[in-house]
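Participant: Let me begin by handing over the structure; questions about it come next.
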Amino acid sequence: RISYYNGEYVNHDEMKVKSGDRAFYFGDGVYEVVRIYDGRFFTLDEHADRLMRSAEEVMIKGLEREEIIEILHEIKERNGITDGALYIQVSRGIAPRDHGFPDGSKPVIYASIRSSKRPEQQMESGVRAVTTEDYRWLKCHVKSLNLLANVMEKQHAVENGAKETIMHRDGVVTEGSSTNVFMVKNGILFTHPADNLILNGITRLEVLKLAEENDIPFREEGFTVSDMSEADEVFYTSTTQEITPVINIDGRKVGDGSVGGTTRRLQSFFNKKITELISV
Ligand code: PMP
């Protein structure tokens, strides 16, 4: 497996990370995960744009969009993987440990690929979720490497026999530990607005586009955990989890406990997008 680190394509298992990499000390960087289906990138431009925006938000300078795109293409080609996910991260640079930004350091890029299949089974049957308070910082719109809170939140799901943790701030549902959360109530789709309290997921945006194109009414509006407990349907989205139905939250059924019709429709529209992508 070939990965990329700090200017070089290297054998993944022999890759040597620089000890002064600020990703290592501080999680001082940003990242993206991009999906490939049948050898084709899905929403590559959107991911590249978001990476540039995240870098800008945290004042990482000197990152070139073309370089990002080129590395992603190279990694895909050199590994010959057709179905999988590419990971790319950009740290602020390499320097002795000191909180303040180092002078003159250049961003350090790391990229790798792994093969993976679509999560067919969970998309079909749905998953269990649990809720907890969202105790992250107030720049959740940045796709930061600093994921300690998300890691802790996710582990809470694992330890409670669930697949995802749905977080809330003062009762208002923000998002999942690595996903965006939607609910359907009386035929209307709800999801948290794209402000500083959530990551504006590329899959989230695709779902809203699909809702728009297919006359499914939607509102980018906060809803509470209590609203969600009375929802007809709940699902979450991400690049790798696509549209995953949630059929049980905190041990209670969502709706009648089966996957709802609006979720199924959106999944089929999403499938169509992928089929179109791989048939050109
Ligand atoms: N929210 C968070 C906190 C995430 O980490 C992710 C995925 N990385 C998402 C939402 C979903 O984003 P996307 O659809 O772009 O993968």
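The values are calculated or read from the model by the stated rules, or taken from the named source; none is laboratory data. Predicted, not measured: the structure shown is a model, and the values here were computed from it. FYI the Cβ positions are ideal-geometry reconstructions off the backbone, even for glycines, and counts take in every protein chain you see.
Participant: Out of all the residues in segment 197-212, is one or more more than 19 Å from the chain's Cα centre (by Cα) and assigned by TED's automatic domain parsing to the domain that holds Lys272?
Facilitator: From segment 197-212, those more than 19 Å from the chain's Cα centre (by Cα) are 211-212; that's our starting set.
Applying the additional criterion that residues be assigned by TED's automatic domain parsing to the domain that holds Lys272 yields 211-212.
Checked segment 197-212: at least one residue is more than 19 Å from the chain's Cα centre (by Cα) and assigned by TED's automatic domain parsing to the domain that holds Lys272.
Participant: Please find, among Ala162, Ala211, the residue that is farther than 22 Å from Val130 by Cα and touching a strand residue (DSSP E or B) at 6+ places or on another chain (Cβ under 6 Å).
Facilitator: Numbers: Ala162 fails: farther than 22 Å from Val130 by Cα.
Unique residue meeting the criteria: Ala211.
Participant: Another one. More than 14 Å from the ligand (Cβ to nearest atom) and buried (at least 20 other Cβ atoms within 10 Å of the Cβ): which single residue out of Val130, Val58 fits that description? Spell out how you get there, then give the answer.
Facilitator: Details: Val58 fails: buried (at least 20 other Cβ atoms within 10 Å of the Cβ).
Just a single option satisfies the conditions, and that option is Val130.
Participant: Can you find a residue in segment 186-197 that is without any contact (Cβ under 8 Å) to a residue 12 or more places away in the chain, part of a strand (DSSP E or B) and surrounded by fewer than 21 Cβ atoms within 10 Å (Cβ to Cβ)?
Facilitator: At the first step, the residues of segment 186-197 found to be without any contact (Cβ under 8 Å) to a residue 12 or more places away in the chain are none.
Within segment 186-197 (the criterion being without any contact (Cβ under 8 Å) to a residue 12 or more places away in the chain, part of a strand (DSSP E or B) and surrounded by fewer than 21 Cβ atoms within 10 Å (Cβ to Cβ)), the answer is no, since none of the residues qualifies.
Participant: Here is a further query. Select from segment 234-257 the residues that are surrounded by 15 or more Cβ atoms within 10 Å (Cβ to Cβ), away from the ligand (no atom under 16 Å from the Cβ) and not in a strand (DSSP E or B) and list them in ascending order.
Facilitator: Asp250, Val254, Gly255
Participant: Another one. Of all residues in segment 175-196, count the ones that are of a type in the set (Ser, Thr, Tyr) and more than 14 Å from the chain's Cα centre (by Cα). Outline the logic, then answer.
Facilitator: Here is the first cut: in segment 175-196, the residues of a type in the set (Ser, Thr, Tyr) are 177-179, 191.
Now restrict to residues that are more than 14 Å from the chain's Cα centre (by Cα): 191.
Counting residues in segment 175-196 that are of a type in the set (Ser, Thr, Tyr) and more than 14 Å from the chain's Cα centre (by Cα) gives 1.
Participant: If the requirement is being in contact with a Cys (Cβ under 9 Å, 6 or more places away or on another chain) and within 14 Å of the ligand (Cβ to nearest atom), which of these qualifies: Asn200, Asn196?
Facilitator: Details: Asn200 fails: in contact with a Cys (Cβ under 9 Å, 6 or more places away or on another chain).
Asn196 is the lone residue from the list that is in contact with a Cys (Cβ under 9 Å, 6 or more places away or on another chain) and within 14 Å of the ligand (Cβ to nearest atom).
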